[in-house]
Amino acid sequence: MAARKGRRRTCETREPTEAESRDTSSEGPVQVYLPGRGPPLREGEELVMDEEAYVLYHRAQTGAPCLSFDIVRDHLGDSRTELPLTLYLCAGTQAESAQSNRLMILRMHNLHGTKPTPSEGSDEEEEEDEEDEEERKPQLELAMVPHYGGINRVRVSWLGEEPVAGVWSEKGQVEVFALRRLLQVVEDPQALAAFLRDEQAQMKPIFSFAGHMGEGFALDWSPRVPGRLLTGDCQKNIHLWTPTDGSSWRVDQRPFVGHTRSVEDLQWSPTEDTVFASCSADASIRIWDIRAVPSKACMLTTATAHDGDVNVISWSRREPFLLSGGDDGALKIWDLRQFKSGSPVATFKQHVAPVTSVEWHPQDSGVFAASGADNQITQWDLAVERDPESGDAEADPGLADLPQQLLFVHQGETELKELHWHPQCPGLLVSTALSGFTVFRTISV
């Protein structure tokens, strides 16, 4: 379907029930289902996962849902593809009561790939399959600490050899937690049990800042200056944190001035120590330089980046591109060399509800992923062009209207909130939703 070798565009399928199969046998048993592009699911129809479209697929739940999480870089090596996989997440809950919330480290391991459909065989072969199934069961360990108030956003960084999490609380505080102990105990069941019994309740943040005077969501650690942090709130203010000696920070009380409504997301430049980008419910995207005083630090502005709130941004680590997603369902790519023009270099419209998360692939410069309130996760590749001789559009006319760069549509989650590529496992995506966590890799990336 796509001209680029190694890329395959895939969408979820839907399959009628037995009764519908009899009634619609002339139409074939399976149809491609695309939200917003064709008839909705009829009564008795359900989405069926095409397992052949996934290299790996696992789901996990943690009790209360998590609005935000981050992937913890580990010491297991980079560019690892050998299965089974192990990964570590840091997440925060949104429980019904403030006292019931937790900040947690998840160790997910024994993550095998999708298994081929078993063929009919002898009883002995079936017993071997059952034993194999037991050995392939994914494993999850949780190390949790109490947190008063729902957690709006979590971002992890390493300060030298010390892993820390920045946490935005719905109670209006931003806190920093040390993660070393949590990462240690998830490796050993006995140590974990002792920690949960004796230490859990005593775990406190190593630093806390209440100067925002209200809750917020935007938070980003600098990838270039260890410990440097930005936090933005729903009152339109952005504050700069500068690390000091002894696991502490000096937070500049003078906010960066420019936005007129809630600051939704922040991204440091991957190439310049002092430059960052912000997006807001005022529909704008702004570029700042912290070398200027906060009241004059805004250097570039696109006032109407989206038709409505700009929810999320991602700054490419490999190209001078900024990716944005908004309440209008649009995904836009901004060339920072042409940012003054106020026009994106590309706009994609596949999502039919607000975009909730976007992120560039950490290794492949043209690939990115997005999630939306329409319960879609989409994978994109800017390098893909449709092969006019492939005949895909004629085989399925519904595909003709799809953006050429759309590689994959993943569905089946409920109230998707956030996604991240794993920086050390190429092509591996992790998402969080009301329905829980999903870890998957598709055949397309």
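Looking at (i) 27.4; (ii) 19.9; (iii) 24.3, which value of mean projected area of the Cα convex hull in nm² comes from a calculation on the structure shown?
Recomputing mean projected area of the Cα convex hull in nm² here picks out (iii).
Quick one: accessible area per residue over region 250-404, 1.4 Å probe, rounded to a whole number of Å²?
40 Å²
Farthest toward the dipole's positive end in the chain, which of L182, S97, V251, given Cβ charges of +1 (Lys, Arg) and -1 (Asp, Glu) about the Cα centre?
Checked the options; the winner is V251.
Among residues other than P146 whose Cβ falls under 11 Å from its Cβ, what is the net charge (Lys/Arg +1, Asp/Glu -1)?
Taking every other residue near P146 into account, the sum is +2.
Do the alpha carbons of any pairs in K296/K340; K171/K349; K296/K332; K137/K204; K171/K296; K236/K349 sit beyond 24 Å of each other, and which pairs?
Among K296/K340; K171/K349; K296/K332; K137/K204; K171/K296; K236/K349, the Cα-Cα distance tops 24 Å for K171/K349; K296/K332; K137/K204; K171/K296; K236/K349.
Round to a whole number: what % of the accessible area of region 263-407 belongs to carbon and sulfur, probe 1.4 Å?
Using a 1.4 Å probe with all protein chains present, region 263-407 comes out at 45 percent carbon and sulfur.
For region 201-253, just list the percent of Cα-Cα distances falling in each 10 Å bin from zero outward, please.
22, 52, 24, 2
Under Stokes-Einstein, with the Kirkwood radius over Cα pairs standing in for Rh, what whole-number D in µm²/s applies to region 146-219 at 4 °C and 1.567 mPa s?
Answer, rounded: 97 µm²/s.
State in Å² the accessible area per residue of region 163-239; use a 1.4 Å probe, count heavy atoms of protein chains only, and round to the nearest integer.
Heavy-atom SASA per residue in region 163-239 reads 42 Å².
Please report, as a whole percent, how much of the solvent-accessible surface of region 204-262 comes from carbon and sulfur atoms (probe radius 1.4 Å).
C and S fraction of accessible area: 50 percent.
Around S262, under 11 Å between beta carbons, what's the net of Lys plus Arg minus Asp minus Glu among the other residues?
Net charge around S262: -4.
Around L83, under 12 Å between beta carbons, what's the net of Lys plus Arg minus Asp minus Glu among the other residues?
+3
Show that you can apply the helix-only estimate: for the chain, add -39,500 (n - 2.57) for every DSSP H stretch of four or more residues, divide by all residues, and state [θ] at 222 nm to the nearest 500.
So the calculated ellipticity at 222 nm is -2000 deg cm²/dmol.
The values are calculated or read from the model by the stated rules, or taken from the named source; none is laboratory data. Note that the structure is a prediction, hence the values are computed from the model and not measured. Cβ sites come from the backbone with ideal geometry, for glycine too, and all protein chains shown count toward neighbours. All accessible areas refer to the heavy atoms of the entire protein, side chains included, with ligands and DNA or RNA removed. Shrake-Rupley method; radii C 1.70, N 1.55, O 1.52, S 1.80 Å.
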